[in-house]
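Structure first, commentary second.
The values are calculated or read from the model by the stated rules, or taken from the named source; none is laboratory data. Since the model is a prediction, treat every value here as computed from it, not as a measurement. Cβ placement follows ideal geometry from the backbone for every residue including glycine, while neighbour counts extend to all protein chains displayed. Protein only, heavy atoms only, side chains kept; ligands, DNA and RNA dropped before computing areas. Shrake-Rupley method; radii C 1.70, N 1.55, O 1.52, S 1.80 Å.
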Amino acid sequence: MKASLKASQPNTRASRVIDVQQLLDEQPVGRFQILVLMMCMFIVTLDGLDTVMMGFIAPALSSAWAIPRDALGPVMSGGLLGLAFGALCAGPLADRFGRKTVMTIAVLFFGVWSVGSAFAGNITELTVLRFLTGLGLGASMPNAATLMAEYAPQRCRALMVTTVFCGFTLGAAGGGFVSAWLIAAHGWHSVLILGGVLPVLYVPLMIKWLPESARYLSLKETRRARLVGVLNRIQRGMADAATRFVSQETPQRERSPVRLILSRDYVFGTVMLWICYFAGLLTVYLLGSWLPTLIRGAGFTLEQAAIVGALFQAGGTIGSLAIGWLMDRVNPHGALGATVFVGGVFAWYMGLPGHGIVGISVLAFGMGYCMNGSNTGFCALAAGSYPTRMRATGTSWMLGIGRFGGIAGAMLGASMLHANWGFGEVLTALAVPAAVGAAAVLLKGARHRGPVLRVKAVSH
């Protein structure tokens, strides 16, 4: 009889045997999994709110400090660099100390420094404070994805992870409406204070209600008591002190998780994930930063440019959910590779002359669906490409490397405009990173035609 099924039998003198991974994969999605999803999604929503708020307060800030808007460039770059380094640091820490522990500290960290940012007196102070805020933001998001992936059943894992990441768009969109009201009523400081107070208030709820990853706890016998407690939250009476736990993951000697993701068995897939996510964020950040400007420069009105930009973001939200659903039902590498490629085709076609505002709006929605949606899909793919002992590191390092692609995209867009590139030239050029990203994910899939993870049952 399957090990996970033995956990549901009546208690007998013989100790029960639970395969934690198999148990979680076979569990129906119930209140416990929904709780994890909603709590992780709210963390990503806070990330979305805080990450984009500098863009919302920039006009008011530049007016209050009597500086040109481009003087805020270091502040924006400082936040993005913090996001990158936060992600790179968070994964190894989470694989050692736990997803919940690192994520809780990260949320508190970015909340405190966001409040501190409200009291900055000059550009240098604000740049440093936004870098520190970015460290916490960069550390929290990949661990939210990892924790959700480790509680979601395999049959719907990609959909649940991509649903968590929809919180970023909700936070970014909601931040726009809230910022407009707060700035008018209380000034630019109030937006940063709100972005810091909310995560600080959320930390006690995380401590009380958010569970540590059961897969992470199952890796060491010293975490047995905590594991029993978590499993009994899923189903009362599931485990006790006599329960014997087994794992499908091949045991390995203690090694740095960074060395593990770059070891012979994983280095090719790791590098391909870095390439496709770097290329994906380069494209998305370039479009997110400059698409309305490009549309305006092509002769359309300011209102039309704003609509096109909004449709690009809306397409990403719908694409995230649709691609997550598709990845759970077909080959995930093939689904992502095809989606990224189609996004490149949309960009190339959008760059051709002769489109009216309706055509451009449809193509912008399609690009958002493919490009934003596939980037969320890459997070789900990364979470499923590594075993538990290195999953947080593999996911967070992909996000960290990708952040540098986002920085490069924003800078590349500025350079293109400075060089007087036209609307059609910029859009056509975006087909290149899309092709590179599609090739990378398809090559990874070709290398791993079978199961990505080799498994072997062992007991604790």
**Item:** Test result for Ser63, polar (S, T, N, Q), open to solvent by 10 Å² or more (accessible area, probe 1.4 Å) and free of Cβ contacts under 8 Å to residues at least 60 places away in the same chain
**Value:** yes
**Asked** Right, Val36: modelled with pLDDT of 95 or more and more than 22 Å from Arg226 (Cβ to Cβ) or not?
**Response** no
**Test set (1) under 22 Å from Tyr285 (Cβ atoms); (2) modelled with pLDDT of 85 or more; (3) not acidic (Asp, Glu) - Arg99 fails condition number** = (1)
**Asked** Do any residues in segment 19-48 that are hydrophobic (A, V, I, L, M, F, W, C) have Cβ atoms under 8 Å from those of residues that are open to solvent by 40 Å² or more (accessible area, probe 1.4 Å), where the two are at least six apart or on different chains, and which pairs are they?
**Response** Phe32/Arg233; Leu35/Trp209; Met39/Leu205; Met39/Trp209; Val44/Phe168; Leu46/Leu198
**Item:** Residue, least open to solvent (accessible area, probe 1.4 Å), within segment 110-154, restricted to residues that are of a type in the set (A, V, I, L, M, F, W, C) and free of Cβ contacts under 8 Å to residues at least 24 places away in the same chain
**Value:** Ala120
**Item:** Test result for Leu201, among the hydrophobic types (A, V, I, L, M, F, W, C), within 20 Å of Thr104 (Cβ to Cβ) and open to solvent by 20 Å² or more (accessible area, probe 1.4 Å)
**Value:** yes
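Condition check: under 16 Å from the mean Cα position of the chain (by Cα) and aromatic (Phe, Trp, Tyr). Does Phe109 satisfy that? Show your work before the answer.
Details: under 16 Å from the mean Cα position of the chain (by Cα): no; aromatic (Phe, Trp, Tyr): yes.
Criteria not met by Phe109.
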**Asked** For segment 155-177, what are the residues that are modelled with pLDDT under 90 and open to solvent by 50 Å² or more (accessible area, probe 1.4 Å)?
**Response** Phe168, Leu170, Ala173, Phe177
**Prompt:** Taking the condition at pLDDT 90 or above, within 18 Å of Leu427 (Cα to Cα) and surrounded by fewer than 24 Cβ atoms within 10 Å (Cβ to Cβ), does Ile401 pass?
**Reply:** no
